[in-house]
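One structure is given below, encoded as structure tokens.
The values are calculated or read from the model by the stated rules, or taken from the named source; none is laboratory data. Because the structure is a prediction, the values reported are computed rather than measured.
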Amino acid sequence: MYPDPARHTPREGAVEVHQPTPIPPVVHAPAPLVPLQPRTLPSVASIVLPDGRVVTGYSLSPVQPDPVVAVKPPVSRAAVNVALGGVGFLAVCGGLLLLTTFITALTALITQLVTLAAVLFGGFIAVQLLKSGDAKGGNTFHIRKAVFKRNHFG
């Protein structure tokens, strides 16, 4: 179905091998450390040892974390609740408007269908009543005139 691929012998000088050149990594100098000063200086304590020597140093107190300040939201919760309530109210009003519109359209459609059926049925009845006497079927009975016509024999 497919032709056999052509076989070529490799040539000695046709193939060149390229060695990748390594890219030296970029070394960034670390950012200089900025020394932080303590917020308050601890109190200096002096201790008199039993042999009479005085040792002065800072007392170690546990580090107190910064007090957490309650972050107020940019908008008050009451305003958010009022806005959400307004959106919900508008959604309900829109849904009720669509429902009443649908019911009104459905009522108009049903009214038109009933009117169409009445017109068609009334037209059919009118055609049957207004047909000429000869064009009617074979059996005609005029009870008041006492004329009986059966199968057009009479």
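Observations, loosely collected:
- Selection status of residue 42, part of a loop (DSSP other than H, G, I, E, B) and modelled with pLDDT of 75 or more: no
- Scanning the stretch 66-102 for residues that are part of a helix (DSSP H, G or I) and not aliphatic (A, V, I, L, M) gives 77, 81, 85, 86, 88, 89, 93, 94, 95, 100, 101, 102.
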